[in-house]
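A short reminder: the numbers here are calculations on the coordinates, not readings from a lab. This structure is a prediction, so every number in the text was calculated from the model and none was measured. Positions of Cβ are generated from backbone atoms using ideal geometry, with glycine treated the same way; all protein chains shown enter the neighbour counts.
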Amino acid sequence: MQTTLTVRLSEKEAQDLQAICELTGKSRSDVVRAALHARIFRERLDALRAIAVPRAQAAGLLTEGDIFREAS
């Protein structure tokens, strides 16, 4: 299923978007879609970190070295 979304941009945002499109050769839809995917990924990662970091700290895993040591 596809959905159409209308977004209101400031003149500066529209100019910046157009510049990115010209630099990359991608359509506005492709650039905005990629930005949305990146934002969704970041939000999900932040949510996972909010759960995982306290658990790791409670288990005494404070550094990458601690994690590698446990995984090895």
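Excluding A50 itself, calculate the net charge of residues whose Cβ lies under 12 Å from the Cβ of A50, where each Lys or Arg counts +1 and each Asp or Glu counts -1. Intermediate values should be presented prior to the final figure.
Working: positive: R44, R49, R55; negative: E43, D46.
Charge balance in the 12 Å sphere: +1.
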Worksheet entry | Charge context of H37, other residues only, Cβ under 12 angstrom, K/R +1, D/E -1 | +2
Worksheet item: Anyone know which of R44, R55, R33 comes out most mobile in the 10 Å Cα GNM of the chain?
Response: R55
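Among V31, V53, which comes first, second and so on when ranked by fewest other beta-carbon atoms within 10 Å? Write out the running numbers ahead of the final one.
Details: V31 17, V53 12.
Exposure proxy ranking, most exposed first: V53, V31.
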Discussion item. Which residue fluctuates most in the GNM of the chain (Cα springs below 10 Å): L62, L36, L48?
Written reply: L62
Worksheet item: What per residue convex hull volume, in Å³, comes out for the chain when only alpha-carbon positions are used?
Response: 191
